[in-house]
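The values are calculated or read from the model by the stated rules, or taken from the named source; none is laboratory data. Computed from a prediction, not measured in an experiment: that's the story for all the values here. FYI the Cβ positions are ideal-geometry reconstructions off the backbone, even for glycines, and counts take in every protein chain you see. With ligands, DNA and RNA removed, areas are computed over all heavy atoms of the protein, side chains included. Shrake-Rupley method; radii C 1.70, N 1.55, O 1.52, S 1.80 Å.
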Amino acid sequence: DKKNDGDLKEVFEYALDNNLAFFDTAELYGLGRSEQLLGDFRKQACTTKEKDEQVIIASKFAALPWRTKREDVVKACEASVKRLGQPIDLYQIHFPNSWSNEEYWDGLGDSYERGLVKAVGVSNYGVDAVRACHAKLAERGIKLYSNQIQMSLLYRWPIDNGLLDTCKELDVEVLSYSPLALGFLTGK
């Protein structure tokens, strides 16, 4: 809702002023509006190179059933870069797909090699998929930087099923989403 843009800008500036300027978004969030707002806010608030370098933005490609080619990843990445106004710090595949994963990994590699992104990752990947993606990117000399997964004190499945250990073994950072268990751990 556009009427909340002022509040969102205030949150962005607060995060920037308090060294909390890591923003996780995706092309699906607001159908690109989230990226557009982050790009606009960054341009307005980051008047120096030092301020701009404090902002880290991660975005994600939506692995939808009709998007199955590596070029789909690159085109989506280009659109995200346009909305954000500069290369993406971390670009991830939002969720695995049962038939096009290798094409997606090639698209991540292409986006990285074209300078559209500074690092590549995945989201919601299990042990086998992380290993496969890591190996595929390594063939091109590209590091799989991260796996964004649900994990909290209440949702320990990545710990129990070996995913956390696999990520450590492969030197893949884990980005936890819902670390406060969707507010449950805060008393909400």
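Any idea which of G115, G109, G183 is modelled with pLDDT under 95, open to solvent by less than 70 Å² (accessible area, probe 1.4 Å) and either out of contact with any helix residue (DSSP H, G or I) (no Cβ under 9 Å at 6 or more places or on another chain) or not in a strand (DSSP E or B) (or both)?
Values: G115 fails: modelled with pLDDT under 95; G109 fails: modelled with pLDDT under 95.
On inspection, the qualifying residue turns out to be G183.
If I ask for residues that are more than 17 Å from H94 (Cβ to Cβ), in contact (Cβ under 8 Å) with a residue 24 or more places away in the chain and either in contact with an Asp or Glu (Cβ under 7 Å, 6 or more places away or on another chain) or not small (G, A, S) (or both), which ones from the range 113-136 would you list?
Answer for the range 113-136, where residues must be more than 17 Å from H94 (Cβ to Cβ), in contact (Cβ under 8 Å) with a residue 24 or more places away in the chain and either in contact with an Asp or Glu (Cβ under 7 Å, 6 or more places away or on another chain) or not small (G, A, S) (or both): E113, R114, K118, V127, R131, H134, K136.
In the range 147-176, how many are open to solvent by 70 Å² or more (accessible area, probe 1.4 Å) and in contact with a strand residue (DSSP E or B) (Cβ under 7 Å, 6 or more places away or on another chain)? First the steps, then the outcome.
Step one: of the range 147-176, the residues open to solvent by 70 Å² or more (accessible area, probe 1.4 Å) are 153-157, 160, 165, 168-169, 171, 173.
If we keep only those that are in contact with a strand residue (DSSP E or B) (Cβ under 7 Å, 6 or more places away or on another chain) as well, we get 173.
Residues meeting the conditions: 1.
Go over the candidates L28, L90, L64, L38 one by one and state the one that is closer than 24 Å to N147 by Cβ and either free of Cβ contacts under 8 Å to residues at least 12 places away in the same chain or acidic (D, E) (or both).
Going through L28, L90, L64, L38 in turn, the sole match is L64.
Considering the range 118-135 alone, what residues qualify as being open to solvent by less than 10 Å² (accessible area, probe 1.4 Å), β-branched (V, I, T) and in a helix (DSSP H, G or I)? Spell out how you get there, then give the answer.
If we filter the range 118-135 for residues that are open to solvent by less than 10 Å² (accessible area, probe 1.4 Å), which is where we start, we get 120-123, 125, 130, 133.
Of the ones still in play, those that are also β-branched (V, I, T) are 120, 122, 130.
Across the range 118-135, the qualifying residue is only V130.
Is there a residue being part of a helix (DSSP H, G or I), among the polar types (S, T, N, Q) and under 20 Å from F61 (Cβ atoms) anywhere in the range 158-169?
Narrowing the range 158-169 to residues part of a helix (DSSP H, G or I): 158-160, 163-169.
If we keep only those that are among the polar types (S, T, N, Q) as well, we get 166.
When the remaining residues are screened for being under 20 Å from F61 (Cβ atoms), the result is none.
Within the range 158-169, none of the residues are part of a helix (DSSP H, G or I), among the polar types (S, T, N, Q) and under 20 Å from F61 (Cβ atoms).
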